[in-house]
Amino acid sequence: MSDDDASAAVARWRETAPDAVLLDGFHALKHALRFNADVRLAVSSDRAAVLALAADLADDVTDRIGELVTEVPLETLRELVPRIHPTRVAALATRRGRGANVGTLAELPRRAPVVVLDNPRNLGNVGAVVRLAAGFGATGVITTGDTDPWHPNVLRAGAGLHFATAVERLPPDDFPPGPLYVLDPEGDDIRTVTIPDDALLVFGSERHGVSPELRSRATRLLALPMRPQVSSYNLATSVAMALFHWGGPAGTQDPTPRPVGA
């Protein structure tokens, strides 16, 4: 890559960044491409290492990564991103449109639950839940409150898998149809309940739990098994337990993630 190529890439990056989402690191770029994200451009301070990583771990998208990645000096990469990922690559992609997300969440019949995070506060936890939802083939992830589920820190924790499921912030009145199964310590033991495919699985914030408003709307309250004197699970752990219970030990539901709108 010539100096002119690097300069042009930097100019495009600065022009594109305000309206794009940051894909931080190789795995985020890989997953975004696999699920048909509109990746605008990518930069790296070691293009050869990125292509070697792609050949080793993601040969299905290696050619596309080769087309996208422009090498820039390490000092320039430091100027373009808040912090450099260990894989030394970053990319910009178009955020999935609200209409596409809402359409996917509302589509019936629903083959997998929607995960609802009620007013989450920890951005890393939200990203971990997006990653879980994509892996389990959940229909999507809804957040309430003021946290943007497409925040750069959420995207970093989600490893690019926002493009493998529907991720949107919605007020309760705009939730898609379906029974509300709310996780609550006073609920029925989740092991005794069959969770329907069209359920909305509601999880409270790390500190305050589910809001009284959503709790009052619950079709059913569910409780995760927990040893006495243990106060709580991590949010992502709770979501994983509930989705695993929904899927069943025999994997009766199809766990394959799909692109939004597919």
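List of remarks:
- From Gly160, Gly187, residue being assigned by TED's automatic domain parsing to the domain that holds Asp118, over 22 Å from Asn119 (Cβ atoms) and modelled with pLDDT of 90 or more: Gly160
- In segment 12-21, the residues that are surrounded by fewer than 19 Cβ atoms within 10 Å (Cβ to Cβ) and either closer than 11 Å to Thr94 by Cα or among the aliphatic types (A, V, I, L, M) (or both): Thr16, Ala17, Pro18, Asp19, Ala20
- Set Val239, Val260, Val182: member being surrounded by 19 or more Cβ atoms within 10 Å (Cβ to Cβ), at pLDDT 95 or above and either among the basic types (Lys, Arg) or touching a Lys or Arg at 6+ places or on another chain (Cβ under 9 Å) (or both): Val182
- Taken over segment 27-48, the criterion of being of a type outside the set (Asp, Glu) and farther than 16 Å from Ala164 by Cα is satisfied by Arg40, Leu41, Ala42, Val43, Ser44, Ser45, Arg47, Ala48.
- From the list Pro109, Pro149, Pro120, Pro177, the lone residue that is in a loop (DSSP other than H, G, I, E, B), of a type outside the set (Lys, Arg), in contact with a Phe, Trp or Tyr (Cβ under 9 Å, 6 or more places away or on another chain) and at negative phi is Pro120.
- Number of positions in segment 1-39 that are within 18 Å of Leu80 (Cα to Cα), hydrophobic (A, V, I, L, M, F, W, C) and assigned to a helix (DSSP H, G or I): 10
- Subset of segment 206-236 [more than 16 Å from Asp188 (Cα to Cα), among the small types (Gly, Ala, Ser) and surrounded by fewer than 15 Cβ atoms within 10 Å (Cβ to Cβ)]: Ser231, Ser232
- First in segment 12-25 and more than 14 Å from Val72 (Cβ to Cβ), second anywhere and of a type in the set (D, E, K, R), Cβ under 7 Å, 6 or more apart: Thr16/Arg40; Ala20/Arg40; Val21/Arg95; Asp24/Arg156
- Candidates Ala49, Ala28, Ala55, Ala9, filtered to the one that is touching a residue at least 12 places away in the same chain (Cβ under 8 Å) and surrounded by fewer than 18 Cβ atoms within 10 Å (Cβ to Cβ): Ala49
The values are calculated or read from the model by the stated rules, or taken from the named source; none is laboratory data. Because the structure is predicted, anything quoted here is derived from the model rather than measured. We place every Cβ from the backbone using ideal geometry, glycine too, and count neighbours over all the protein chains shown.
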